[in-house]
Structures are given as structure tokens and as C-alpha cells.
Amino acid sequence: MVQYRRITPNDPLYPGECRLRERVLLTPIGYDINRFREEYPGIDELSEHHIATTKTPGGDRVIGCALLLPSSDREGFGKLTQMAVDPQRRGEGIGQRIVINVESRAFGDLGLQGIYCHAQVNAVSFYEKLGWSREGEKFIEADIPHQCMVIHRPPELSDETDDRMW
């Protein structure tokens, strides 16, 4: 059974999240978690950490994760980053559930107007299936082609809708 929750860098599962990010995202581009932290100082402390875990004989194991930066360079938008799912667990809906949890948090509790991410081009269809849209042209980041993807706050959650109800 997969469990989903938010953690902080002080959580005992945080090192497992970092190992997953390093293995899936960073090592393939010649980084490790320490180099990532040096180039993006404070990102882990500023982000919300959304994880998926499964029980193993040795304890809970992180099998999926994503960071949500509630404040970004875009007014009213958060940024989804460092999204990773254990390659052996892909295709089970884990990444989809993590993104939905991030959206619920961003649009519900945080009241954001939208979320964007820099998706590797091979992940664009994943986001499109979840209702995200392409924004702008493809670009190169970390020597990999990326596409900016965005999702806006659903109309049923907007303040305007609430006002019309009264």
C-alpha cells in the first residue's frame, strides 16, 4: 500500500527522498544532491516536500516525490520541481497522485492561482493527461530539452465564483 504525505527536511524520510531525487534526477545529469544544494541554496527549506512511501521490512521507503515552491518568480504561482518516481514503480499512478496532492495543497490551503513546472519533454504527455498545458517554446535546461507546463486554479475554486454564489 502506498502512503502519501508532506514532510520537512527534518523528517526521518527526508534522506530517502534525497536519495531518490539523486538517483532519478541528478546523477543522470552529472549532479549529486550536494551540488544541487550548492547551486540552488535554500530550495529544500523553502519547498514543501510531497512524498509517496511504501512499507518494507526495513521500514518506510520513499518511492516518489515532488517539491512545491509556494512562492516563485511568477506572482500567484507556485513551482513544481524535483518530481521523481522510482523507475521500478512507474506506471502505478504514483506520480499522478503526487501531482494531484500538490495541486490540492496549492489551490486549496495556499490559494495559489496556478502552478508551473519545467518538464522534460518526455514527461509532457504525463502532465497533459492531468490537465496541464504547454506554455512557450521548448528550451534546454541541464542539457535536456524541457517544456514549461502550467495549470491554473480551477474556476470552481476562484474568488469570483464564490462571490457570484452569494
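Would the stretch 40-60 turn up any residue that is surrounded by fewer than 20 Cβ atoms within 10 Å (Cβ to Cβ), among the basic types (Lys, Arg), closer than 22 Å to Tyr14 by Cα and over 12 Å from the mean Cα position of the chain (by Cα)?
Yes; the residues of the stretch 40-60 include at least one that is surrounded by fewer than 20 Cβ atoms within 10 Å (Cβ to Cβ), among the basic types (Lys, Arg), closer than 22 Å to Tyr14 by Cα and over 12 Å from the mean Cα position of the chain (by Cα).
Would you say Leu80 is in contact (Cβ under 8 Å) with a residue 12 or more places away in the chain, touching a strand residue (DSSP E or B) at 6+ places or on another chain (Cβ under 7 Å) and more than 20 Å from Gly131 (Cβ to Cβ)?
The answer is no for Leu80.
Suppose we filter the stretch 81-100 for residues that are of a type in the set (Val, Ile, Thr) and under 23 Å from Tyr40 (Cα atoms); how many remain?
Going through the stretch 81-100 one residue at a time, the tally reaches 4.
Identify the residue in the stretch 104-129 that is of a type in the set (Val, Ile, Thr) and under 22 Å from Arg23 (Cα atoms) and, among all such residues, is surrounded by the most Cβ atoms within 10 Å (Cβ to Cβ).
Val124
Given the criterion crowded, with 21+ Cβ neighbours inside 10 Å and in contact (Cβ under 8 Å) with a residue 60 or more places away in the chain, identify the matching residue among Val24, Val85.
Val85
Taking the criterion of being more than 16 Å from the chain's Cα centre (by Cα) and either crowded, with 18+ Cβ neighbours inside 10 Å or in contact (Cβ under 8 Å) with a residue 60 or more places away in the chain (or both), would at least one residue in the stretch 1-10 satisfy it?
For the stretch 1-10, residues more than 16 Å from the chain's Cα centre (by Cα) and either crowded, with 18+ Cβ neighbours inside 10 Å or in contact (Cβ under 8 Å) with a residue 60 or more places away in the chain (or both): present.
For the stretch 90-103, state whether one or more residues are within 18 Å of Met1 (Cβ to Cβ), at pLDDT below 95 and surrounded by fewer than 19 Cβ atoms within 10 Å (Cβ to Cβ).
yes
The values are calculated or read from the model by the stated rules, or taken from the named source; none is laboratory data. In this text, all values refer to a predicted model and were calculated from it rather than measured experimentally. Neighbour counts run over all protein chains shown; Cβ positions are idealised from the backbone, glycine included.
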